[in-house]
Structures are given as C-alpha cells and as structure tokens.
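Below is one structure, written out as structure tokens; comments come after it.
Where a number appears in this text, it was derived from the coordinates with a stated rule and is not lab data. Computed from a prediction, not measured in an experiment: that's the story for all the values here. Here Cβ is always computed from backbone atoms with ideal geometry, including for glycine, and neighbour counts include all displayed protein chains.
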Amino acid sequence: MAAERIRRAAPIVLAALLMLWPALLNGYPLVFADTGTYLSQAIDHSLGWDRPVFYSFFLLSLHMQLTTWPVIAAQALLAAWLLHLLRRCVFPNTSGWWLVPVVAVLCVASPLPWFVSQLMPDVFTGLLVIALALPIAVPARLSRRARVLLSGFGVFAVAVHTSHLPLALGLIVVLVPLRRWLGAEGPLGRAGLARVLAVPALATCALVGANLVGHGRAAVAPFGNVFLLARVLYDGPGLDALAKHCPAAGWRLCAYLGQFPGDSDRFLWSTNSPLQRAGGARLVSTEADAIVATALRDEPGREARAFAANTLSQLTRFATGDGLDPWPATVRPVIARAFPPGELAAYDAARQSRRGVAIPAGLRTLHRMAAVAGVIACCALPFLRRREPVALVAVAILLALLGNAVVTGGLSAPHDRYQARLIWLAICLPVLAGPVLLRDWLGERTRIAMVRS
C-alpha cells in the first residue's frame with residue numbers, strides 16, 4: 001500500500017519540483033511589490049485596506065518566520081496536484097507519468113512556473129478555474145475525498161483575492177446551466193450543485209467576517225470602491241466630474257484638482273498622491289461612490305467606451321515577468337525585521353534583489369506565441385471533442401480569460417500580470433489534449449484502412 005502511494009505521488013512531486021526552477025535560478029522565491037504586505041498582515045495582526053488577509057495566514061503557516069521556501073513548495077505541490085486531477089478526470093486513459101512532460105512543456109512555454117515561484121496569490125487564479133470546472137464537468141470521476149479537497153481549495157482560492165469572487169460567480173452562472181450541452185458527464189444533482197455554490201458562498205462569508213472584525217464593515221471589499229474610483233478618474237469622466245462639481249460638492253479630492261499624477265497606479269500607491277493627502281483610502285472611500293455615480297450620470301457613454309477599451313487592452317496584455325523588479329522599500333523591511341539574518345542575507349543575494357529579473361526576449365516571445373496558439377486551440381476543442389468534458393473545460397478557460405479581463409482591466413487597470421496568471425491554462429489544455437487527439441486520429445485512420453482493405 002505504501003509503495004502504491006509513493007508510485008502515485010512520484011509524478012506529482014517531480015512535476016512540482018520542475019515548477020520551482022525560476023526561484024532556484026533566482027536564489028530565492030520571487031517577490032512583487034505587494035509581497036511585503038502579504039507577509040506582514042498575519043505577522044503584525046493587521047488588516048490592510050486593499051487586500052484580504054487569508055493569503056497572509058497561508059504564508060505564515062508555512063514560513064513560520066523562518067524561511068519562505070516552504071510557501072512556494074506548497075504552491076508547486078498544489079499546482080501539480082490540480083493538474084494531475086485535470087489529466088486524470090478529463091483524459092482518464094493517460095498515464096500518471098504523462099503529467100511530467102506536460103509540466104515540463106509548461107515550464108518552458110508558459111508563465112506558470114513564474115507564478116508558482118512567487119510569494120503572491122496570483123498562482124491561485126488559474127488553479128481556481130480547474131477547481132471549479134472539474135466538479136461541474138465530471139463529478140462522478142472525482143472521489144469523495146477529491147470533491148471535499150477541491151471545495152476546500154476553491155473556498156481558499158476565492159478568498160485570497162477579491163477579483164476571484166466575481167470570476168468564480170461568472171463561471172458558475174454560465175457553466176452550470178450549460179454543462180450538459182457543453183459536454184459534462186453525468187448529472188450534477190442537488191448535492192453537487194450545493195458543493196459548487198458553497199465555494200463562493202463560504203468564501204464570501206469568510207471575507208465579510210474578516211472585514212467585519214477588522215474594519216467594522218460587513219462587506220466583501222469595504223474599500224474596493226477606491227479602485228473603481230481610480231479607474232473612473234483616469235478614464236476621464238471622474239476628473240471631469242471633479243472639475244465640474246468642485247468645490248461645491250465638498251469632496252476631499254476637490255482640494256487637489258490639477259495635482260493628480262499621470263496614471264491610476266501612482267494615484268493609488270504614491271505616498272504623496274491626492275488619495276493619501278486627502279486622508280487615505282479609508283476616508284476617501286466614504287465619498288468614492290458619490291464621485292463615481294456623478295461621473296457615470298454625467299458621461300455614461302464615455303465611461304462605457306473606456307471600460308470596453310480597458311477590457312480589450314487587458315485581453316491582449318499577458319507578457320511574462322511583469323513586476324519582477326527589486327522591491328527594497330516594500331519587501332526587504334518586512335524580511336529584515338521578521339525573519340532570521342540568514343533569510344535576509346539570502347534575499348539580498350538573490351538576482352531579483354540585486355538587479356531585478358528580466359525575462360529573456362526569446363522566452364517572452366515563445367510564451368506569447370504559445371498563448372495565442374493555445375487560445376485558438378481552446379476555441380477549436382469544443383468542436384473537435386463535442387459532448388466531452390474537455391469541451392466544457394476549454395469553455396471554462398475561455399470564459400475565465402474574458403471574465404478576468406473585465407474584472408481586472410475594465411474595473412481596475414490593465415496590467416500584464418493580471419492576464420498572464422491565467423493564460424497558462426490556455427497552453428496547458430491543448431498540451432494535455434494533443435496526444436489524445438493524435439492517438440484517436442491515428443486509430444481512426446487505421447480502422448478506415450483496415451475496413452477498406
């Protein structure tokens with residue numbers, strides 16, 4: 001029995017190890033500007049205005065203020081396990097060891113290992129799509145334990161990032177009613193539907209509960225309207241509304257007309273931006289809804305066009321390596337005060353800390369070409385494999401790419417990393433499906449040849 005467990009686990013562990021190569025090359029797990037906040041929340045018992053706390057607890061449970069390497073090891077194992085389930089459930093006649101070459105291809109041709117190796121919750125965006133799609137597409141092929149684990153993981157994945165909740169809801173609303181038409185196998189049933197719906201429901205309860213305790217607001221994202229405010233301001237209608245209605249409206253931002261920075265990121269994060277000078281996000285959020293509503297009322301058509309343009313821009317932006325700069329001001333101070341000296345020395349010696357990590361141009365080009373080919377293949381799979389679970393998974397990936405672009409690009413701001421964290425799925429599914437399609441095609445050709453002879 002023990003030997004059998006080791007045999008089944010071996011390809012998953014090997015695939016996980018392959019996904020860690022960017023961190024091994026860097027000499028330390030990759031970080032982003034937000035990594036410092038995620039590390040510090042659970043350590044300092046603080047709840048920031050802009051991010052849920054659950055990924056921070058995940059980090060603390062693994063690094064224990066000793067070293068962050070266990071975090072990316074766990075992320076790699078989770079990614080490998082979910083890819084293993086995807087292979088086993090959608091292509092059950094393939095060997096468990098087929099996971100290893102598939103992951104090897106993804107490690108070269110996709111951004112997946114760069115997100116697995118990063119101390120950020122972005123890796124869970126794509127994994128959430130798998131965790132939601134499989135119980136909808138093939139509930140009977142999942143063991144009871146797998147169904148429970150997928151549900152638990154789904155709740156966690158939704159709760160670690162506010163953009164994941166609308167993404168999950170959108171997928172469920174579209175996929176569940178159309179599941180049989182898209183190729184799902186077997187009935188979902190009331191119990192199956194309850195498990196699927198429980199994922200966003202429990203995540204919502206967790207988010208609302210944390211914000212009620214930490215901020216005194218029973219809301220999923222109590223200050224999320226500040227991000228929407230930034231988007232509307234920099235789309236144009238928001239700044240026009242300020243110019244038109246200030247100072248009579250009495251909004252805090254009225255005092256800083258003419259002093260706004262050139263883009264929404266600097267408005268949100270610069271220490272001397274109008275947002276900070278007006279009292280910070282918590283105070284400005286009390287007026288954000290009024291400013292946004294006024295802007296939409298004054299110029300609805302202009303904002304709608306900007307929303308569509310931002311969504312389209314996000315759909316086409318998925319370059320690998322966005323944000324892999326040194327972050328001495330946001331990450332290093334947390335590691336310096338909360339971790340042993342040896343951990344700080346390892347962080348300082350990493351390539352990213354010394355000069356940043358630049359993805360080679362050839363690799364970025366390969367990722368882009370593979371992504372475009374993968375999206376085309378995902379569009380074709382529902383026609384090539386009609387009435388099969390792989391068709392539903394392909395549709396789920398395409399819907400996730402569109403929904404993510406709407407949520408992040410249309411409602412926040414287009415950034416390459418937002419779409420890159422999902423685009424690897426469009427590469428993964430055709431890599432998994434390709435040999436199966438080729439085998440079936442060759443088998444059909446052989447059968448035809450034998451009949452004719």
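Odds and ends about this structure:
- Each peptide in 5-15, 378-388 was scored by the mean count of other Cβ atoms within 10 Å over its residues; highest first, the order is 378-388, 5-15.
- The phi-based Karplus calculation (6.51 cos²θ - 1.76 cosθ + 1.60; θ = phi - 60°) puts the 3J(HN,Hα) values of the range 98-104 at 5, 4, 5, x, 4, 5, 4 Hz, whole numbers, x for Gly and Pro.
- For the range 179-194, 3J(HN,Hα) per residue [Karplus equation, 6.51 cos²θ - 1.76 cosθ + 1.60, θ = phi - 60°, Hz, x = Gly/Pro]: 4, 5, 5, 7, x, 5, 9, x, x, 7, x, 5, 5, x, 5, 4
- Nearest 10 degrees, 0 to 90: helix 225-235 Cα axis against the chain principal axis: 80 degrees
- Computed label-point distance, nm, for sites ARG7 and MET369 using a 7 Å Cα→Cβ extension: 4.0 nm
- A Förster distance of 35 Å, applied to the separation of the beta-carbon atoms of VAL436 and GLN65, puts the FRET efficiency at 0.15.
- Relative to the globular-protein estimate of 2.2 N^0.38 Å, the Cα radius of gyration of the chain stands at 1.03.
- Global form of the range 225-315, assessed from the alpha-carbon gyration tensor, a/c cut-off 1.5: oblate
- Residue-averaged [θ]222 nm for the chain, counting only DSSP H segments that reach four residues, each worth -39500 (n - 2.57): -22500 deg cm²/dmol
- Scanning the chain for cysteines with no neighbouring cysteine C-beta under 4.7 angstrom from their C-beta gives CYS89, CYS107, CYS205, CYS378, CYS379, CYS428.
- In plain terms, the bigger the Kirkwood radius, the slower the diffusion; for the range 96-254, with that radius from Cα pairs, at 25 °C and 0.890 mPa s, Stokes-Einstein puts D at 131 µm²/s.
- Each residue of the range 5-18 is assigned a 3J(HN,Hα), and the resulting list reads 5, 5, 4, 6, 7, 4, x, 5, 5, 5, 4, 4, 4, 4 Hz, derived from the Karplus form 6.51 cos²θ - 1.76 cosθ + 1.60 (θ = phi - 60°), x at Gly and Pro.
- Counting only Cβ charges, +1 for Lys and Arg and -1 for Asp and Glu, the dipole size of the range 225-315 around its Cα centre is about 140 debye.
- Stokes-Einstein translational diffusion, the range 138-201 - Kirkwood Rh over all Cα pairs, 1.002 mPa s, 20 °C, in µm²/s: 174 µm²/s
- Only Lys, Arg, Asp and Glu carry charge here, each on its Cβ (+1 for the first two, -1 for the last two); on that basis the chain has a dipole of about 1520 debye about its Cα centre.
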